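The values are calculated or read from the model by the stated rules, or taken from the named source; none is laboratory data. What you are looking at is a predicted structure, and each value in this text was computed from that prediction instead of being measured. Glycine also receives a Cβ, built like all others from the backbone with ideal geometry; neighbour counts cover every protein chain displayed. Ligands, DNA and RNA are stripped out before the accessible areas are found, and what is left, the full protein with its side chains, is counted by its heavy atoms. Shrake-Rupley method; radii C 1.70, N 1.55, O 1.52, S 1.80 Å.
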Amino acid sequence: MADTGPFQLPPLPWADNALEPVISAKTMGLHYGKHHRAYVNKLNELAAGTPYEKMPLEEVIKASHGKDPKIFNNSAQIWNHTFFWNCLRSPQEGAKPSGELAARIDRDLGGLEKFKADFATAAVNQFASGWAWLVDKGGKLEIYTTSNAELPMVKGGTALLTIDVWEHAYYVDYENRRPDFTKAVCEKLLNWDFAAKNLAGSK
């Protein structure tokens, strides 16, 4: 179903059951089909008749940050969710980064296993709703978290990977066991090819 307005719900990069058993098709139906779509619909409603409706999504995010919280929250959440879907791939036990990305993880973050543990822990420790991010900032990889809709592009960083820790991302499958969700994502779902592409584009 097409969205009414300039902002559209992007298609998922895989089938809604492709992430099972880590993330169920039921969760994807709710998370993508309801929550992500709601942000698109709301932004189209809020942007109608304003200069925002003629801007690309990233420009809407930058222009509204700190000025128009409703516009910012909905536009940033559209971007965050689209980015999150691309950070994931069908379960790949033992998948690893390679090339420059692997070297940078070793140099800046203490190696792959330490990164996965620290990334999962950051996601667990993000209080309430938000996101954990792997970011390239000033030529150095960092892990940090943001609350609600906040995202690296307004903080001077280039996002490489993210984990969504709003409750609707995991509650159907994991109830209150956020640590189990974040560990499973880090061990089985991270799309290292996408992260490497983002790193290359940050230069």
- Does LEU9 satisfy the criteria of being more than 16 Å from the chain's Cα centre (by Cα), open to solvent by less than 50 Å² (accessible area, probe 1.4 Å) and under 18 Å from ALA149 (Cα atoms)? no
- Message: Could you check segment 94-105 and list, in sequence order, the residues that are among the charged types (D, E, K, R) and more than 21 Å from LYS188 (Cβ to Cβ)?
- Response: GLU100, ARG104
- Going by the structure shown, is VAL185 surrounded by 20 or more Cβ atoms within 10 Å (Cβ to Cβ) and in contact (Cβ under 8 Å) with a residue 24 or more places away in the chain? yes
- Among (1) open to solvent by less than 40 Å² (accessible area, probe 1.4 Å); (2) among the hydrophobic types (A, V, I, L, M, F, W, C); (3) over 22 Å from ARG89 (Cβ atoms), VAL165 falls short only on (3)
- Task: Give me a count of the residues in segment 138-147 that are over 20 Å from PHE72 (Cβ atoms), open to solvent by 10 Å² or more (accessible area, probe 1.4 Å) and part of a strand (DSSP E or B).
- Result: 3
- Note on the structure: Selection from segment 130-143 of residues within 23 Å of HIS36 (Cα to Cα) and either of a type in the set (Phe, Trp, Tyr) or at pLDDT below 95 (or both) yields TRP131, TRP133
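Among the residues of segment 179-203, write down those that are of a type in the set (A, V, I, L, M, F, W, C) and in a helix (DSSP H, G or I).
PHE181, ALA184, VAL185, CYS186, LEU189, TRP192, PHE194, ALA195, ALA196, LEU199, ALA200
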- Query: For segment 148-173, what are the residues that are assigned to a helix (DSSP H, G or I) and more than 13 Å from the chain's Cα centre (by Cα)?
  - Reply: VAL154, GLU167, HIS168, TYR171, VAL172, ASP173
